[in-house]
C-alpha cells in the first residue's frame, strides 16, 4: 500500500499573535491537498501531519472531514498525526484509529526560554487588554455621537443581576464582619474603659477598608465568574464570531453593558455594606456590651469624616473597573472548549481578588500619606 504524507502549516491566527513569520493560510492548502488526494491511487495510505497547527475553525474542520469521507469512499486509509489536545477535541467524533496517538511534546524549555515565553505572554495580555479598553472607551464616548449608543436595556439587566440580586449576601456578610470587628475590639478596649471607641473602630474600618473590599470579593466571586463563564461559553460556541460576521460589536453589546453595570452597582453595594457593617457593630455594642444606643450613634457620627467615605467610594469604583476588565478579558479569550471555560472562570475570580487587594494596599498607602 502506497503512503502519501501532507504537512499542514498554521495560519497567522493559529500560530499566535505577533509571530514574525506568518505561514500560508490553511484553506489554500486544503485545495492543494484535495487535488493531490484525488490523484492518489485507490487503497493508498494517507497521513496528515498537524504538528504545526494549534486550532482550526468549524469551516476548516468540515472541509477536512469531507476530504476524509471522499478518501474512504475510494478505499484509502486516512490518518491524522501530531494532533494537540484542542484539535483532538475538535475531531472528537472520529474513530481513535483515524486520529492516531496524542501529540507528545518532549522538548523542555530552559530557564531563559521560559522567562522569555512568560514575558511574551505578558506583553500579549497587555496588548489585548489595551485593545479591549480602547474598544470600551470608543463605545462609551465616541459611538453614541454616531448613532450607536450604550445598550441601556442590557445594562439594566446586568445591574439587576449584579446589584439587586447581590444585596442579601453583601448585607449579611457585612453585618457579620461588623459584629466580629466589634467583638474583637471589645476584648481589648474594655480593659482600658474605652469600650465606647468600638463605634470609632467599626465605623472607620468599614468605611475606609472593609466595605469596599468585602463587596469587591463578593462581586468578583459571584458576578465576575458569571460574566467570564457567559462570555467564554459564547466564544466556545462561536456566537462571538457570528456577531462579528453580522457586523455587530461584541464590545458594545456584551462587554460595555457588563462593565457599566459593575461601575454602577458596586459603589451602591459598598454603601449598603457600610450601613450593614456599622449596624453589626451597633448590635454588638448596644445589645451585648450595653454601651447605649444614643451614645453609640453619636460616637459613630463623630468618628466618621467625609474623607473616610470618599476613600471607600473611590476604592469601590476602581475595584469595579478591575473586576469588569478581568472578567471580560478572561471570558473573551477562552481556549480549549468547556475545560477552558472552567479554567478561565477560576482564573478570573482569583485574578480579580488579587488585583483588588493589591489596589487596596496601594490606595491605603497613598491616602495615609495624603491625610
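Shape analysis of the stretch 280-371 yields a ratio of the Cα radius of gyration to the Kirkwood radius, Rg/Rh, of 1.21.
Principal axis extents of the C-alpha atoms in the stretch 297-344 (largest first, rounded to whole Å): 57, 17, 8.
Normalised by the number of residues in the stretch 130-370, what is the relative contact order in percent for Cα pairs under 8 Å and 6+ residues apart? List each step's numbers first, then the result.
Details: 324 pairs, mean separation 79.3, N = 241.
About 33 percent, as a whole number.
Counting neighbouring Cβ atoms within 10 Å and putting the fewest first, the residues 334, 47, 235 line up as 47, 235, 334. Most tightly packed first, judged by the mean number of other beta-carbon atoms within 10 Å of their residues, the peptides 123-130, 364-371, 138-145 read 138-145, 123-130, 364-371.
Enter the mean projected area of the convex hull around the alpha-carbon atoms of the stretch 220-358, in nm², rounded to one decimal.
10.4
Based on alpha-carbon atoms, the Kirkwood radius and the radius of gyration of the stretch 132-181 give Rg/Rh equal to 1.28. Please work out the C-alpha center-to-center distance from the stretch 305-349 to the stretch 143-200 and express it in whole Å. Taking the Cα centre of each part, the stretch 305-349 and the stretch 143-200 sit 17 Å apart.
Listed peptides 209-221, 64-76 appear in the order 209-221, 64-76 once ranked by packing, highest mean of other Cβ atoms within 10 Å at the front. Cα extents for the stretch 130-370 along the principal axes, largest to smallest and rounded to whole angstrom: 70, 40, 32. Per-residue Cβ neighbour counts within 10 Å put 131, 49 in the sequence 131, 49, beginning with the fewest.
Equivalent ellipsoid of the stretch 329-371: semi-axes from √(5λ) of the C-alpha gyration tensor, largest first, are 34, 8, 4 Å.
Sorted into 5 angstrom bins from 0, the C-alpha pair distances of the stretch 121-225 split as 2, 10, 12, 12, 12, 13, 11, 9, 7, 5, 4, 2, 1, 0 percent.
Every read-out reported here was derived from the displayed coordinates using simple, explicitly stated rules and does not represent laboratory data. The shown structure was predicted, so the numbers you read here are calculated from the model rather than taken from an experiment. Heads up, the Cβs are rebuilt from the backbone with ideal geometry, glycines too, and the neighbour counts pull from every protein chain shown.
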